[in-house]
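Asker: Let me begin by handing over the structure; questions about it come next.
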Amino acid sequence: MLLLVLDIETTGFSRRRHEITVIGTVVYDTAARAERAHRCFNVFCAEQTRSLEAVAAMKRDVAALLDRCDAVAAYNGAQFDLPWIRQWLQSPARRAALDPRPVAPAALDPRAPLRWAHKTRDFCALAQSCTGRAPSLEAACALNGIPAAKSACGAQAVAWAAARAWPQLEAYCMQDVRALLRLTLHALAHGLTCSNVAAHDARHASDTVCVQLRPDLSAATMTTANFVLDLSGPARSPARPRQRARI
């Protein structure tokens with residue numbers, strides 16, 4: 001299976017007033033257990049300084065990645081990343097300062113976003129549906145014993161975009177992409193652990209849910225168990241399951 005892991009950064013949270021700055025991507029072959037490609041698309045810089053044809057080519061490249069891969073992993077992607085990307089792909093170039101000619105947006109099959117939606121795997125949404133909470137990527141990684149070092153936070157990413165500090169912003173975005181890739185591979189091998197209590201709230205978290213996944217990353221079974229979270233190290237496995245349900 002070809003897995004596309006992606007993350008975006010934006011200038012704010014409103015799709016009407018703000019815009020995408022960068023899209024970080026990694027393509028991973030789960031059968032070969034190898035990374036096939038990685039790229040951070042600087043959308044903001046392309047819209048500002050490149051030709052309309054170059055912006056259209058970037059849109060086609062992003063759409064081709066989404067079409068070509070069998071599954072798409074994006075943390076909070078259903079509510080955030082994919083709607084932003086879909087809007088960008090279907091909208092005309094906003095600036096393209098070096099090419100002021102009016103040009104229609106790149107052609108995009110209007111059914112494509114629906115195809116991408118069904119193959120998008122959003123662990124944030126999955127955790128929320130199982131526990132009622134939407135943990136951060138960093139918290140989800142910590143709960144599953146996955147290293148997820150971050151050089152900054154979302155507010156700093158917005159500040160970097162305002163300062164045109166592209167190397168720092170692109171590196172930060174790719175940190176999240178690679179953290180999500182590690183979490184996804186862990187979930188494929190061991191299932192995804194989701195806690196009803198955020199990792200920073202308490203030393204002992206009860207009613208933790210472990211979701212077992214199918215090879216295509218869709219949820220298969222859910223186990224609820226008493227669970228002890230040791231903040232000084234990786235999470236320990238539950239001693240005995242209390243409830244199993246089909247989801």
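The values are calculated or read from the model by the stated rules, or taken from the named source; none is laboratory data. These numbers were taken from a predicted model, which means no experiment stands behind them. As a convention, Cβ positions derive from the backbone with ideal geometry for all residues, glycine included, and neighbour counts pool all protein chains shown.
Conditions tested, residue by residue: (1) surrounded by 14 or more Cβ atoms within 10 Å (Cβ to Cβ); (2) at pLDDT below 95; (3) closer than 24 Å to T49 by Cα; (4) aliphatic (A, V, I, L, M).
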site: A71; (1), (2), (3), (4): yes, yes, no, yes
site: G77; (1), (2), (3), (4): yes, yes, no, no
site: L89; (1), (2), (3), (4): yes, yes, yes, yes
site: P92; (1), (2), (3), (4): no, yes, yes, no
site: D99; (1), (2), (3), (4): yes, yes, yes, no
site: A106; (1), (2), (3), (4): yes, yes, yes, yes
site: R111; (1), (2), (3), (4): no, yes, no, no
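Asker: Another question about this same structure. Within region 175-197, how many residues are assigned to a helix (DSSP H, G or I), closer than 20 Å to R214 by Cα and not small (G, A, S)?
Answerer: 9
Asker: Applying the selection to region 41-95, what residues are closer than 15 Å to V22 by Cα and polar (S, T, N, Q)?
Answerer: Those that are closer than 15 Å to V22 by Cα and polar (S, T, N, Q): N42, Q48, T49, Q87.
Asker: Pairs under 6 Å by beta carbon, first residue modelled with pLDDT under 85 in region 134-160, partner buried (at least 20 other Cβ atoms within 10 Å of the Cβ) and of a type in the set (F, W, Y), six or more apart or different chains?
Answerer: S151/Y172; A152/Y172
Asker: What are the pairs, 6+ residues apart or on separate chains, where a residue within region 39-57 that is closer than 22 Å to A171 by Cα has its Cβ under 8 Å from a residue that is surrounded by fewer than 16 Cβ atoms within 10 Å (Cβ to Cβ) and of a type in the set (S, T, N, Q)?
Answerer: Once the first residue is closer than 22 Å to A171 by Cα and sits in region 39-57, its partners that are surrounded by fewer than 16 Cβ atoms within 10 Å (Cβ to Cβ) and of a type in the set (S, T, N, Q) give F44/T11.
Asker: Any idea which of (1) farther than 29 Å from S218 by Cα; (2) crowded, with 21+ Cβ neighbours inside 10 Å is the one S151 doesn't satisfy?
Answerer: (2)
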